[in-house]
Amino acid sequence: MINSLRDFLDECEKIGELSRVKVQVDWDLELNHVADISDQKGGPALIFENVKGCKHSCLIAALSKPNRCAIALEMPVGMSRVEMAREWAVRVNRQGIPPKVLSSGPVQDNVIEEKDVDLSTLPVPKLYPMDGGRYLGTTAALITREPGADWDNLGTYRMQILGRNSLGLNLQPGKHARLMLERYRKLGRKMPAAVCVGQLPVLFLLASTGVPWGVSEYDAAGGIRGEAVEVIQGELTGLQIPASAEYVLEGEIDPDPSAYRPEGPFGEYPGYYSASIAEDYPKPCFNVKRMFHRDDPIFWTQSVGAIGAGKNTIPSIQISASIWAGLDNLRIPGIKAVYCPPEAGGRFMVVVAIEQKYYGHAVQVGHAVVATTTGNYRTKICIVVDDDIHPDNMDEVLWALATRSDAARSVQVFKRTFGEELDPGVPIEQRDMNSKLFIDATIPFEWTRKPIQVQMDPAMIEKVKKQWEKYDINLARKGGENEI
Ligand SMILES: Cc1cc2nc3c(=O)[nH]c(=O)nc-3n(C[C@H](O)[C@H](O)[C@H](O)COP(=O)(O)O)c2cc1C
Ligand SMILES: [Mn+2]
C-alpha cells in the first residue's frame with residue numbers, strides 16, 4: 001500500500017523509474033530544463049539533491065510516464081492510459097471513504113512559526129523564461145472549507161511566491177476554492193486555508209481532477225485506494241491535513257479584492273503562457289502563518305508548459321477517467337472507451353468509442369460528454385467513433401474521421417458553453433465562454449447500405465506467414481523501415 005510520497009518513490013526506485021541528481025543545479029530554469037530534456041528522452045522521475053541556495057531536495061517529473069501513474073494509482077505497471085482511465089472511473093464511482101484522523105503525523109516533525117517562514121529558501125524552481133516567478137503550487141493541494149460545512153476541498157492551483165510568506169493564487173472561475181472564497185467575502189471574513197506539498201500522489205491526482213462540489217477529494221482518494229487517507233487536524237485552521245505530507249503551510253486568504261496582487265504569467269498546459277499582463281489580473285494571496293515539514297523533506301514540483309514528451313500524461317488519464325465516470329453515471333449503454341490524447345493538451349479533445357445501439361446514439365454521447373462536469377469544463381473537441389476504432393490509436397482515429405464523417409451530416413457546434421481562460425483559441429477578453437466541436441465519425445446506425453471495410457483473407461494470411469521464408473524478402477534492407 002502506498003501511504004506517502006516516499007512509498008511511491010521507493011516503488012519507482014525498485015523498477016528503475018527514479019534517479020537522484022547529486023550535482024548542484026540552479027532553481028532558476030536549469031532544474032526544469034534538465035527535467036524536460038530527460039523527459040524527452042523517456043527519463044525517470046528525478047530528485048535533485050543539491051539545489052543552489054536550498055537545504056532541501058526537489059522531486060520533478062514524478063508522473064510524466066504512464067507506468068509511474070500506475071504506481072501512484074496502485075494499478076499494475078504496463079496498463080495503457082485507457083485501461084487506467086477505465087479502472088479509475090470504476091473505482092471513483094464506488095462509495096468514497098472518509099479520511100482517518102490521527103492525533104499526530106510525520107509532517108509535524110518540524111514547525112516553523114510565521115516570523116521565521118521564508119518561502120524563497122525552499123527548492124521551488126522557476127520553470128520557463130517568461131514565468132512571472134517561482135511557482136510552488138503545481139503539485140500542491142490548497143485545502144479549504146466553507147463556513148459550517150463538513151467536507152474539506154483539495155484543489156491544485158498554481159501559486160506564485162510573492163514574498164517571504166505570501167503566495168499569489170490562480171483560482172479559475174467555478175473552482176471550488178474560489179466559490180468558497182466568495183462565501184467568505186460575503187461574510188466579511190478571511191478564509192482559513194492550508195497548502196500541502198508532497199502528499200500521497202493519488203491525493204494530488206484527485207486534487208487536480210474535477211471531483212463534484214460537496215464531495216471531499218479525501219473521500220474520493222480513499223475510494224480509489226480502497227483505504228482511508230490518514231490526516232491530522234490543523235491547529236490553526238481546523239482543516240484536515242495529510243499526515244504524511246512533506247510540507248504543510250497553514251494560513252489564510254483575504255477575500256477582499258483590495259488585498260489582491262499581480263500574479264503570472266505562467267507557462268501553462270496548452271503550451272502557451274497565461275495572460276501576460278499580470279497587473280491586469282490581480283489574484284488573491286495565501287498568507288502563511290505556520291509551516292510544517294518532515295525531516296529531510298522532499299519538495300515536489302512539475303511543469304506543464306512546454307509541449308512534448310511527458311507533458312499531459314496525467315490529464316490524459318484523469319480527464320478521460322472523469323468524463324468516463326460521468327458517462328457511467330448517466331447510464332448510457334455502449335460506451336467502450338474514452339480517451340483524451342495528450343498531444344491535444346490532454347484536456348481539449350476527447351475521443352469516445354461506442355457500440356451503436358439505436359438511432360442518434362452517437363449524438364447523444366456527444367451531448368452527454370459536454371454535459372459531464374469535466375467535459376463541460378475544458379473539452380473543445382469531442383469525436384465519437386465506432387468501437388472497432390481504438391481511441392488511443394491516432395492512426396485509427398484519423399482514418400475514421402476522414403472516412404466516416406461528412407461535414408454537413410457529422411459536425412455540430414455547441415455554442416455559448418463554459419470556457420477556459422487558458423484557451424489560446426479564444427481572444428483573452430472572451431475566454432469565459434467558448435464553443436465545442438462535435439464530430440460524429442461513426443458509420444451511421446440507420447444506414448442499411450453500410451461501407452464494407454477491406455480486410456485481408458485470414459486463411460491466406462496464415463498460409464503466407466507459415467511459408468514466409470520462401471518469399472525471401474529482405475525486410476532489413478538499407479534505408480528500409482526495419483533497417484538494422
Ligand atoms: C499541474 C496542474 C496545475 C493546475 N493549475 C491550476 C490553476 O492554476 N488554477 C486552477 O483553477 N486550476 C488549476 N488546475 C486544475 C485544477 O486542479 C482542477 O480543475 C481541480 O478540479 C480543481 O479542484 P476543485 O474542483 O476542487 O476546484 C491545475 C491542474 C494541474 C494538474
Ligand atoms: Mn473539489
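The values are calculated or read from the model by the stated rules, or taken from the named source; none is laboratory data. Since the model is a prediction, treat every value here as computed from it, not as a measurement. Cβ coordinates were reconstructed from backbone atoms using ideal geometry, including for glycine residues, and neighbour counts include every protein chain displayed. All accessible areas refer to the heavy atoms of the entire protein, side chains included, with ligands and DNA or RNA removed. Shrake-Rupley method; radii C 1.70, N 1.55, O 1.52, S 1.80 Å.
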_About the Cα centre, and with charges only on the beta carbon of Lys, Arg (+1) and Asp, Glu (-1), how big is the dipole of the chain? Nearest 20 debye, please._
780 debye
*Find out how many positive minus negative residues lie around LYS126, taking Lys and Arg as positive, Asp and Glu as negative, among other residues whose Cβ is under 11 Å from that of LYS126.*
-3
*Would you please put 360-371, 293-304 in order of how densely packed they are, using the mean number of other Cβ atoms within 10 angstrom per residue and starting with the highest?*
293-304, 360-371
*asked:* Just to confirm a number: summing +1 for Lys and Arg and -1 for Asp and Glu over residues other than LEU205 whose beta-carbon lies under 12 angstrom from that of LEU205, what do you get?
replied: +1
*Could you tell me what percent of the accessible area of the range 140-200 is made up of carbon and sulfur, with a 1.4 Å probe and every protein chain present?*
45 percent
*Between the helical axis of 81-92 and the dominant principal axis of the chain, each derived from Cα atoms, what acute angle in degrees is found, rounded to the nearest 10?*
60 degrees
*asked:* How large is the accessible surface of LEU154 in square angstrom, using a 1.4 angstrom probe and rounding to the nearest 10?
replied: 0 Å²
*Which value at 222 nm does the chain reach when only helices count, each DSSP H run of 4 or more adding -39,500 (n - 2.57), with the total divided by all residues and rounded to the nearest 500 deg cm²/dmol?*
-7500 deg cm²/dmol
*What ratio of Cα Rg to 2.2 N^0.38 Å holds for the chain?*
1.04
*Rank ASP388, ASP152 by accessible area, highest first, at a 1.4 Å probe radius?*
ASP388, ASP152
*Quick one: Cα centre-to-centre distance for the range 69-119 and the range 325-367, in angstrom?*
27 Å
*1.4 Å probe accessible area per residue over the range 340-457, in Å²*: 53 Å²
*So how do 240-253, 123-136 stack up, highest first, on mean other-Cβ count within 10 Å?*
240-253, 123-136
_Rolling a 1.4 Å sphere over the protein heavy atoms, what is the accessible area per residue of the range 88-300, to the nearest Å²?_
36 Å²
*asked:* Counting only other residues whose beta carbon sits under 11 Å from that of ILE253, what net charge do I get with K and R as +1, D and E as -1?
replied: +2
*Alpha carbons only, please: Rg and Dmax for the range 88-300, in angstrom.*
16.4, 47
*In debye, nearest 20: dipole of the range 88-300 around its Cα centre with unit charges on the Cβ of K, R (+) and D, E (-)?*
460 debye
